Amino acid sequence: MSSSNSDPGQLAVDNVRTLAPYVPGKPIEELERELGITGIIKLASNENPFGPSPNALAAMHATLSDAWLYPDGSGYVLKQKLAATLGVTVEQITLGNGSNDVLVLLAEAFLKPGLEAVYSRYAFAVYPIAVQATGATGVIAEALPAGSPMHLGHDLDAMRRAITDRTRVVFIANPNNPTGTYVGAHELHAFIKSVPGHVIVALDEAYYEYAGGLDIQNGIQWLDEFPNLVVLRTFSKAYGLAGLRVGYAVSHPSVAGMLNRVRQAFNVSSVALAGAAAALEDVAHVAAAVKVAVAERVRVAERLHTMGTPCLPSAGNFLLLHAGANAREKFDALLRKGIIVRPVANYQLPEHLRVTLGTVEQNDRFLSAWEA
Ligand SMILES: Cc1ncc(COP(=O)(O)O)c(C=O)c1O
């Protein structure tokens, strides 16, 4: 028998072979290559168009000549600053290569074949991937129905009903990506209270900073009350550091201890640690970016509404538009005008498009192109 194998990838375990990979937003360079045009704007990955704080840039530059040294694997300085800012202890913090990394650590530490994780129908795409990669079973709770003010958003009652003795993790994105929908503080509190102690509640607050006066709870304030609660945050959105890859979880120290066991020893680079620590201190820079996004969220939604394109309510730096049956054609037409938005057919939402709120000028360019 020949020892050659023309498709060695098929040797991968079943749950990995059947995984649908994550579909990222189209990079600007790719569209430049395809269409040979310049001046492209990307409103496709919920990035912050105002970029990093100048202080973060300076801190990152200052680390470069030390790039031959491994980073501080404990993330001492960043954790100290986060602990002081958030009012928690360093033992409660787990740093990740983006909060995506921490989501994967949670799945690795708490799931295995035979166990279940619950998430909502249109929840962030990384949850099913992280769950399935462990061989555990992802259990989908149906989203809120048409007619509900948060249509397509998390139905916490349905999620509660989906929890069984086999459930170990329930994922809640507040607000959720790609829908932008959110759950109110009172309702969320009642839900977490109802979750049995054998289930970790992963509360993903990637867009927390964009709450802008909406009824979005700071989950970190509930950690003392709920030892099974894990709150995830990121530097990728409001802090404008998506390319740097830094996120973190705040949890009970015993949960952090378990995440630390499966974490790669040097999962956050020295540049990222320095950039994030400096960014955390530039409160004004974050506030300025958030102010624009929150105001634009209202303005762009209203303009779209008057053009006959409804959007879901959003507590993030993006809007989910009901573009209609020809959403894909509209996406392609925008591409030809140098505007990259995000199709969400991979979420089984083929009639919707997700648009990140950019600068006022970028949003105006999108709106004019949409109207045309
Ligand atoms: C809800 C949600 N959680 C987590 C992430 C992961 O972000 P990162 O890995 O950049 O921290 C994202 C990114 O889009 C997100 O939308």
Based on what the data block shows, is residue 85 closer than 30 Å to residue 201 by Cβ, within 16 Å of the ligand (Cβ to nearest atom) and polar (S, T, N, Q)? no
Of (1) out of contact with any Lys or Arg (no Cβ under 7 Å at 6 or more places or on another chain); (2) within 16 Å of the ligand (Cβ to nearest atom); (3) not hydroxyl-bearing (Ser, Thr, Tyr), residue 247 satisfies every one except (1)
Taking the condition of being touching a residue at least 24 places away in the same chain (Cβ under 8 Å), within 16 Å of the ligand (Cβ to nearest atom) and either more than 22 Å from residue 146 (Cβ to Cβ) or not hydrophobic (A, V, I, L, M, F, W, C) (or both), how many residues in the range 314-346 meet it? 7
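Condition check ((1) in contact with a Leu (Cβ under 7 Å, 6 or more places away or on another chain); (2) assigned to a helix (DSSP H, G or I); (3) at pLDDT 95 or above) across all residues:
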position	(1), (2), (3)
181	yes, no, yes
186	no, yes, yes
217	yes, no, yes
230	yes, no, yes
238	no, no, yes
255	no, yes, yes
The range 88-132: number of residues that are assigned to a loop (DSSP other than H, G, I, E, B), within 16 Å of the ligand (Cβ to nearest atom) and of a type outside the set (Phe, Trp, Tyr): 5
Can you tell me how many residues in the range 129-155 are over 19 Å from the mean Cα position of the chain (by Cα), open to solvent by 60 Å² or more (accessible area, probe 1.4 Å) and closer than 16 Å to residue 171 by Cα? 2
Top-ranked residue in the range 78-93 [being open to solvent by 80 Å² or more (accessible area, probe 1.4 Å) and over 22 Å from the mean Cα position of the chain (by Cα); ranked as nearest to residue 318 (Cα to Cα)]: 84
Candidates 226, 171, filtered to the one that is away from the ligand (no atom under 13 Å from the Cβ) and aromatic (Phe, Trp, Tyr): 226
When residues of the range 345-368 are limited to those that are touching a Leu at 6+ places or on another chain (Cβ under 7 Å) and farther than 17 Å from residue 305 by Cβ, the one surrounded by the fewest Cβ atoms within 10 Å (Cβ to Cβ): 362
Kindly indicate which of 312, 280 is open to solvent by 10 Å² or more (accessible area, probe 1.4 Å) and farther than 29 Å from residue 120 by Cβ. 280
Kindly list the number of the only condition in (1) open to solvent by 70 Å² or more (accessible area, probe 1.4 Å); (2) closer than 20 Å to residue 28 by Cβ that fails for residue 302. (2)
Could you say which residue among 158, 206 is among the aliphatic types (A, V, I, L, M), assigned to a loop (DSSP other than H, G, I, E, B) and either within 12 Å of the ligand (Cβ to nearest atom) or free of Cβ contacts under 8 Å to residues at least 40 places away in the same chain (or both)? 206
Working only within the range 9-45, note down all residues that are among the aliphatic types (A, V, I, L, M), farther than 25 Å from residue 128 by Cβ and surrounded by fewer than 14 Cβ atoms within 10 Å (Cβ to Cβ). 35, 37
Has the range 259-270 got at least one residue that is within 16 Å of the ligand (Cβ to nearest atom), open to solvent by less than 30 Å² (accessible area, probe 1.4 Å) and of a type in the set (Lys, Arg)? no
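The values are calculated or read from the model by the stated rules, or taken from the named source; none is laboratory data. In this text, all values refer to a predicted model and were calculated from it rather than measured experimentally. A quick note on method: Cβ atoms are made from the backbone with ideal geometry, for glycine too, and the neighbour counts reach across all protein chains shown. These accessible areas exclude ligands, DNA and RNA; they are computed on the full protein's heavy atoms, side chains included. Shrake-Rupley method; radii C 1.70, N 1.55, O 1.52, S 1.80 Å.
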